[in-house]
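The values are calculated or read from the model by the stated rules, or taken from the named source; none is laboratory data. Please read all numbers here as calculations on a predicted model, not as lab measurements. Cβ: placed from backbone, ideal geometry, glycine included. Neighbour counts: every protein chain shown. Accessible surface areas use protein heavy atoms only, side chains included; no ligands, DNA or RNA. Shrake-Rupley method; radii C 1.70, N 1.55, O 1.52, S 1.80 Å.
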Amino acid sequence: MEIDEELEYQLGEVTRKTHDMEIPVMIIIEGPPASGKSRLSNALYMALDAKYTDFIATRPARGIDLRYPFMQRFWNHLPKAGDINIHFRSWYAQYIEYKEAGITENVAVDYSEIAEDMQNFEKMLHNNGYEVLKFYVNTSEEVRQRHLEKLKENPVLKWKAEEFEENLELFDYEEEMQDFVEEDQLIPWTEIDFENKNEAINTMFSTIIEKLEARIEKENTTPVPRIVSDFTRYFETELFTFDFEKEKIKKSEYKDILPDLQLKMRELQFRLYQHKIPLILVYEGMDAAGKGGNIKRTRERLDPTGYTVNAISAPTDMELAHHYLWRFATSIPRSGHIGFFDRSWYGRVLVERVEGFASQKEWTQAYDEIKDFEKSLYNSGAVILKFFLSLDKDEQLKRFEKRENNIEKQWKITSEDWRNREKWDRYLEASEDMIKKTDTDYAPWHIIPGNDKRYARIEVLKKIISAGEKVLEDE
């Protein structure tokens with residue numbers, strides 16, 4: 001292919017600027033077999049700086065891929081700020097293969113729900129600063145047949161022609177993709193006809209340059225969002241109104257009940273594994289509310305090969321360079337396994353909101369992004385339960401002082417805990433907003449009174465077992 005040298009130079013220049021401005025770029029290339037998309041993709045890959053460009057060839061989902069949520073592979077490959085990812089085939093090709101082949105291992109609902117997940121994924125990328133460009137490469141049936149005949153004539157490449165023909169027989173890729181290309185989408189497709197290959201590559205380069213130059217201009221003229229404090233001056237809670245004196249359990253009763261519940265939890269783990277149902281358990285709550293101890297008692301008798309514990313702390317530089325959901329999406333358990341999250345993606349609307357680490361636009365749009373994220377996990381068969389462990393301010397003070405006075409537990413208390421305590425009302429309001437805005441049928445919140453740790457542990461175990469058994473009955 002003859003590439004316009006001026007276009008190649010402009011492409012290199014504009015992508016160096018997006019790299020310096022830390023704009024993540026995703027280029028999606030779809031097209032039927034023998035349409036020329038491989039040659040176009042390689043020409044593009046060769047024109048970009050290899051230091052910050054990745055080429056992701058999405059092969060058909062097989063084996064371990066089918067143990068994870070539908071969108072998992074694409075979360076894993078999100079570019080960090082300033083990098084470029086070329087997706088040779090994408091979630092669209094995967095969707096068509098799943099649908100045409102009747103793959104149901106990690107799809108629990110109608111395929112229209114999965115298609116909606118894909119659109120929500122793109123909306124989330126768009127709203128969080130990812131520049132996404134989608135190309136659909138196609139050409140006439142006559143040209144594709146000529147490509148196939150040339151491949152067949154080459155003994156080294158004959159296998160490729162046979163693979164193309166097999167795929168054409170198995171999947172009606174072109175018809176399905178045409179529906180996507182023609183529908184009204186937030187991020188539209190650019191169609192490229194490969195019949196004139198030189199014109200095709202120059203069209204691709206020109207389109208990328210135009211889109212990225214417009215994005216750079218937008219970045220240079222858009223003011224930096226302000227951090228806005230919009231908390232109620234005298235906040236009164238509606239959700240955290242427990243009579244903690246009544247939410248208690250006797251120590252002797254606790255010792256009788258806990259072992260039986262832990263055995264039921266172990267049995268539930270094996271039954272979920274047998275049915276390949278993933279279980280996601282999210283724990284939030286005020287500092288010293290007992291999240292770690294609660295998780296410890298829940299998993300005490302479980303098989304350690306079937307669960308993971310994700311203890312979430314401040315994000316690393318690498319995590320900050322990605323979308324805030326990335327570090328959680330890449331830790332979602334595979335089918336039949338349990339994932340514990342000691343704090344979670346809700347940090348965006350809690351600590352990041354309260355401490356001013358996220359702009360008002362970022363944390364307000366996060367409510368819908370989180371619901372869409374959880375819905376996509378649910379659509380791929382996951383059971384999601386979220387627990388907010390609540391305690392009152394006096395009980396928190398007692399636990400803080402107890403930690404400070406116990407040399408074996410002093411590591412649990414930091415100056416940051418005391419600073420957070422000074423913002424008690426703000427954290428309480430942010431927590432209440434979070435629960436009200438993200439409580440759904442598919443990922444419900446359970447507010448657990450936690451002044452009595454033993455009571456809280458029993459309540460959480462009961463709710464997990466009840467929800468798990470209900471899902472298994474439906475199964």
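It is to be established whether one or more residues within the range 368-387 are of a type in the set (D, E) and more than 28 Å from T241 (Cα to Cα). Even if it seems obvious, please write down each step before you answer.
Pass one, the range 368-387, residues of a type in the set (D, E): 368-369, 372, 374.
Pick out the ones that are also more than 28 Å from T241 (Cα to Cα) and you get 369, 372.
Yes, the range 368-387 has at least one match.
Quick check: is even one residue across the range 411-426 among the aliphatic types (A, V, I, L, M) and either in a helix (DSSP H, G or I) or modelled with pLDDT under 95 (or both)? Break it down stepwise before answering.
The first filter runs over the range 411-426 and keeps only residues among the aliphatic types (A, V, I, L, M), leaving 413.
Filter again for either in a helix (DSSP H, G or I) or modelled with pLDDT under 95 (or both), leaving 413.
The answer is yes; a qualifying residue exists.
Could you say which residue among R67, R89, R59 is farther than 21 Å from A366 by Cα and either under 16 Å from the mean Cα position of the chain (by Cα) or among the hydroxyl-bearing types (S, T, Y) (or both)? Break it down into steps so the answer makes sense when it comes.
Details: R89 fails: either under 16 Å from the mean Cα position of the chain (by Cα) or among the hydroxyl-bearing types (S, T, Y) (or both); R59 fails: either under 16 Å from the mean Cα position of the chain (by Cα) or among the hydroxyl-bearing types (S, T, Y) (or both).
Just a single option satisfies the conditions, and that option is R67.
Go over the candidates L44, L11, L7, L66 one by one and state the one that is closer than 29 Å to Y111 by Cβ, in contact (Cβ under 8 Å) with a residue 40 or more places away in the chain and outside any loop (DSSP other than H, G, I, E, B). If you could, list the steps in order and put the result at the bottom.
Details: L44 fails: closer than 29 Å to Y111 by Cβ; L11 fails: closer than 29 Å to Y111 by Cβ; L7 fails: closer than 29 Å to Y111 by Cβ.
L66 is the lone residue from the list that is closer than 29 Å to Y111 by Cβ, in contact (Cβ under 8 Å) with a residue 40 or more places away in the chain and outside any loop (DSSP other than H, G, I, E, B).
Please name all residue pairs, on different chains or six or more residues apart, with Cβ atoms under 8 Å, provided the first residue is in the range 300-317 and is free of Cβ contacts under 8 Å to residues at least 24 places away in the same chain and the second residue is aliphatic (A, V, I, L, M) and open to solvent by 80 Å² or more (accessible area, probe 1.4 Å).
none
Restricting attention to the range 358-368, does a residue exist that is under 27 Å from D230 (Cα atoms), touching a residue at least 60 places away in the same chain (Cβ under 8 Å), open to solvent by 20 Å² or more (accessible area, probe 1.4 Å) and not charged (D, E, K, R)?
yes
Quick one: in the range 209-242, which of the residues that are outside any helix (DSSP H, G or I) and open to solvent by less than 70 Å² (accessible area, probe 1.4 Å) is nearest to L133 (Cα to Cα)? Give the steps one after another, and end with the answer.
Taking the range 209-242 and keeping what is outside any helix (DSSP H, G or I), we get 222-242.
Checking the rest, the ones that are also open to solvent by less than 70 Å² (accessible area, probe 1.4 Å) come to 228, 230-231, 235, 237, 239-240, 242.
On the way: V228: 32, D230: 36, F231: 38, F235: 45, T237: 45, L239: 44, F240: 46, F242: 51 Å.
If we take residues in the range 209-242 being outside any helix (DSSP H, G or I) and open to solvent by less than 70 Å² (accessible area, probe 1.4 Å), then V228 is nearest to L133 (Cα to Cα).
Counting just the residues of the range 439-475 that are surrounded by 20 or more Cβ atoms within 10 Å (Cβ to Cβ) and more than 25 Å from K246 (Cα to Cα), which one comes out nearest to the chain's Cα centre (by Cα)?
Applying the filter and picking the extreme gives A443.
Here are some conditions: (1) touching a Gly at 6+ places or on another chain (Cβ under 7 Å); (2) more than 22 Å from L66 (Cβ to Cβ); (3) β-branched (V, I, T). I332 meets all but one. Which one does it not meet?
It is condition (2) that I332 fails.
Among the residues of the range 47-83, which ones are touching a His at 6+ places or on another chain (Cβ under 9 Å), hydrophobic (A, V, I, L, M, F, W, C) and closer than 30 Å to E5 by Cβ? Spell out the reasoning first.
Of all residues in the range 47-83, those touching a His at 6+ places or on another chain (Cβ under 9 Å) come to 49, 51-52, 54-58, 67, 74-75, 77-83.
From the residues that got through so far, the ones that are hydrophobic (A, V, I, L, M, F, W, C) too are 55-57, 74-75, 78, 81.
F55, I56, A57, A81, listed by residue number.
Being open to solvent by 40 Å² or more (accessible area, probe 1.4 Å) and closer than 20 Å to T190 by Cα is the filter here, so list the residues in the range 141-154 that pass it.
Initially, the range 141-154 is screened for residues open to solvent by 40 Å² or more (accessible area, probe 1.4 Å), giving 141-142, 145-147, 149-150, 152-154.
The one that is open to solvent by 40 Å² or more (accessible area, probe 1.4 Å) and closer than 20 Å to T190 by Cα: E141.
If you go through the range 243-258, how many residues are over 35 Å from the mean Cα position of the chain (by Cα) and either assigned to a helix (DSSP H, G or I) or among the β-branched types (V, I, T) (or both)? It would help to see each step written out before you state the result.
Looking only at the range 243-258, we keep the residues that are over 35 Å from the mean Cα position of the chain (by Cα), and these are 243-257.
Next, only the ones that are either assigned to a helix (DSSP H, G or I) or among the β-branched types (V, I, T) (or both) stay: 249, 251-257.
Summing the residues that are over 35 Å from the mean Cα position of the chain (by Cα) and either assigned to a helix (DSSP H, G or I) or among the β-branched types (V, I, T) (or both) in the range 243-258 gives 8.
Where in the range 322-379 are there helices (runs of 4 or more DSSP H), lying wholly inside it, with at least 3 residues that are within 12 Å of the chain's Cα centre (by Cα)? Let's see the steps before the verdict.
Working: elements: 326-329, 351-354, 360-379.
So the answer is 326-329, 360-379.
How do the pairs read when you match residues in the range 373-385 that are on the phi > 0 side of the Ramachandran plot with residues anywhere that are of a type in the set (D, E, K, R), using Cβ under 8 Å and keeping only pairs 6 or more apart or on different chains?
From residues that are on the phi > 0 side of the Ramachandran plot, the pairs are G381/K276.
Of the residues E191, E169, which is at pLDDT 95 or above and surrounded by fewer than 17 Cβ atoms within 10 Å (Cβ to Cβ)?
Working: E169 fails: at pLDDT 95 or above.
Matching residue, one of E191, E169: E191.
Based on what the data block shows, is T203 in contact with a Leu (Cβ under 9 Å, 6 or more places away or on another chain) and either exposed (fewer than 14 other Cβ atoms within 10 Å of the Cβ) or more than 27 Å from W445 (Cβ to Cβ) (or both)?
Details: in contact with a Leu (Cβ under 9 Å, 6 or more places away or on another chain): no; either exposed (fewer than 14 other Cβ atoms within 10 Å of the Cβ) or more than 27 Å from W445 (Cβ to Cβ) (or both): yes.
So T203 does not fit the description; no.
Being more than 30 Å from the chain's Cα centre (by Cα) and of a type in the set (S, T, N, Q) is the filter here; which residues of the range 1-49 pass it?
Answer for the range 1-49, where residues must be more than 30 Å from the chain's Cα centre (by Cα) and of a type in the set (S, T, N, Q): Q10, S35.
I'd like the residue in the range 272-321 that is among the β-branched types (V, I, T) and either at positive phi or not in a strand (DSSP E or B) (or both) and, out of all such residues, is surrounded by the fewest Cβ atoms within 10 Å (Cβ to Cβ). Reasoning before the result, please.
Pass one, the range 272-321, residues among the β-branched types (V, I, T): 277, 280, 282, 295, 298, 305, 308-309, 312, 316.
Checking which are either at positive phi or not in a strand (DSSP E or B) (or both) leaves us with 277, 295, 298, 305, 312, 316.
Details: I277: 20, I295: 20, T298: 23, T305: 7, I312: 17, T316: 9.
Across the range 272-321, the extreme among qualifying residues is T305.
When residues of the range 25-51 are filtered for being in contact with a strand residue (DSSP E or B) (Cβ under 9 Å, 6 or more places away or on another chain), open to solvent by 10 Å² or more (accessible area, probe 1.4 Å) and over 29 Å from E149 (Cα atoms), how many remain?
2
What are the pairs with Cβ atoms under 7 angstrom where one residue, in the range 394-405, is free of Cβ contacts under 8 Å to residues at least 40 places away in the same chain and the other, located anywhere, is of a type in the set (A, V, I, L, M) and open to solvent by less than 40 Å² (accessible area, probe 1.4 Å)? Sequence gap at least six, or different chains.
What qualifies is E404/I413.
Taking the residues in the range 91-116 that are farther than 14 Å from Q185 by Cβ and among the charged types (D, E, K, R) as candidates, determine which candidate is modelled with the highest pLDDT. Full working, then the answer.
Just the residues of the range 91-116 that are farther than 14 Å from Q185 by Cβ, to begin with: 93-94, 96-114.
Still in the running and among the charged types (D, E, K, R): 97, 99-100, 105, 110, 113.
Values: E97: 89, K99: 88, E100: 83, E105: 77, D110: 82, E113: 93.
The qualifying residue modelled with the highest pLDDT is E113.
Look at S344 and say whether it is at pLDDT below 95 and within 25 Å of K409 (Cβ to Cβ). Can you show your working first?
Numbers: at pLDDT below 95: no; within 25 Å of K409 (Cβ to Cβ): yes.
No; evaluated as a whole, the condition is false for this residue.
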